[in-house]
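Okay, structure first, notes after.
Read-outs: derived from the displayed coordinates by stated rules, not from any lab. Small disclaimer: the values here were computed from a predicted structure and weren't measured. Please note: Cβ atoms are built from the backbone with ideal geometry, for glycine as well, and neighbour counts cover all protein chains shown.
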Amino acid sequence: PLLILSFQVLEEGVPGDLMETGVWQGGACILLRAILKARHDTARTVWVADSFEGCPRPDPHLYPQDQGDQHHTYRNLAVPLHKVASNFDDFGLLDAQVQFVRGWFHESLQTARVQEIDSLAVLRLDGDLY
């Protein structure tokens with residue numbers, strides 16, 4: 001679906017950047033950047049939003065359903081930003097059209113930098129805890 005949707009957005013001229021929240025190793029974002037490159041689209045940005053620290057500790061006071069969740073202990077989910085950037089670079093796709101947003105979503109997505117994005121044509125939400 002992401003591949004098809006991304007091509008459709010470009011073919012139909014839907015305005016806006018592309019963003020994924022919760023990127024792990026960056027694979028979906030790398031695909032998005034590769035599509036832009038293949039289509040010679042230099043006007044859009046791929047926004048790569050993640051804590052780059054794995055999952056947050058659950059807060060069962062706010063979210064009782066998260067009581068006992070152990071995702072924050074899975075260290076393989078913590079892929080540092082420099083490693084994700086390196087994955088883009090391995091494909092020759094690390095450039096100014098790739099912008100990283102580091103932090104927990106409830107903080108990082110509220111920053112002025114993110115709030116100034118005019119529009120998003122594609123938003124892939126892949127957060128493990130909500």
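Here are a few things to note about the model shown:
- Put a plus charge on the Cβ of each Lys and Arg, a minus charge on the Cβ of each Asp and Glu, and nothing anywhere else: the dipole of region 1-59 about its Cα centre is then about 200 debye.
- The mean sequence separation of alpha-carbon pairs under 8 Å and at least six residues apart, normalised by the residue count of region 1-84, gives a relative contact order of 29 percent.
- For the chain, no complete DSSP H run has alpha carbons reaching 24 Å or more along its own long axis together with a mean Kyte-Doolittle score of 0.5 or higher.
- Distant alpha-carbon pairs in the chain (separation over 19 angstrom), percent: 51 percent
- Rounded to the nearest whole angstrom, the semi-axes of the ellipsoid equivalent to region 76-130, taken from the Cα gyration tensor as √(5λ), stand at 20, 17, 11, largest first.
- Translational D in µm²/s for region 52-96 (Stokes-Einstein at 37 °C, 0.692 mPa s, Kirkwood Rh from C-alpha pairs): 264 µm²/s
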